[in-house]
């Protein structure tokens, strides 16, 4: 680093006024100028960028650590976190404890293709009345069960509403688009005749890495979408009977 000093100097000045001449001293000192070595400046910039990268890395590690802690404490907390995030519409965080796409596709496979990275209004309407009480927990190595009482919308009534709406539309047109179908489903969820049902359930979980994942089985589906499988079973039975009848008539 080079330093250039300029000596302090003073200079007498005289101002003429009506009262006479006034003499004063003017300081012509100049501040010492310090010229920074370009190489030093580059080093400082590199050091600054290095610390910025370190800071970003630390933030990322902290976030990852919190996510691991969030998902891996206990099976009980994992179920509580899952249901909380479903109710609050947080698709990403819910996906840490369950195959989220698999969960919503049970209701209608077209929801996945239309929901994107965040919950659609339809998905939020599915879960916005969730309430629950966790009553027990059992852990054995990488397997666990959590018992709970879950209250949510009566999906038996939702599907009956949906079927009725679809039937009404098909009376005036030959087919229903995906968008219209999902719109009818959302309207069915919002109808006044949709009450709530409470289901006692044993939830199965499996440890995947550091996280406890809820297994989507028939019992869990019946608790999240109460009454839905009953309607779907009846619809499947009616469909099979209709196909058999058409086959016999064709023969």
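Read the figures in this text as sums done on the coordinates, not as results from a lab. These numbers were taken from a predicted model, which means no experiment stands behind them. No Cβ is skipped: glycine too gets one built from the backbone with ideal geometry, and neighbour counts run over all protein chains shown.
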(request) Which order do the peptides 193-206, 215-228 take when ranked by the mean count of other beta-carbon atoms within 10 Å per residue, highest first? (result) 215-228, 193-206
(message) Given points 7 Å out from each Cα along the Cα-Cβ axis, report the residue 121 to residue 135 separation in nanometres with one decimal.
(response) 3.7
(message) Going by average Cβ density within 10 Å per residue, which order do the peptides 51-60, 136-145 take, highest to lowest?
(response) 136-145, 51-60
(message) Between residue 177 and residue 145, what is the label-point separation in nm under the 7 Å Cα-to-beta-carbon projection?
(response) 4.8
(request) Set the Förster distance to 22 Å, then compute FRET efficiency between residue 58 and residue 210 from the Cβ-Cβ distance, nearest 0.05. (result) 0.65
(request) Please list 168-174, 208-214 highest first by mean number of surrounding beta-carbon atoms within 10 Å per residue. (result) 208-214, 168-174
(request) Tell me the label-point distance for the pair residue 232, residue 49, using the 7 Å Cα-to-Cβ offset, in nm and rounded to one decimal. (result) 5.4
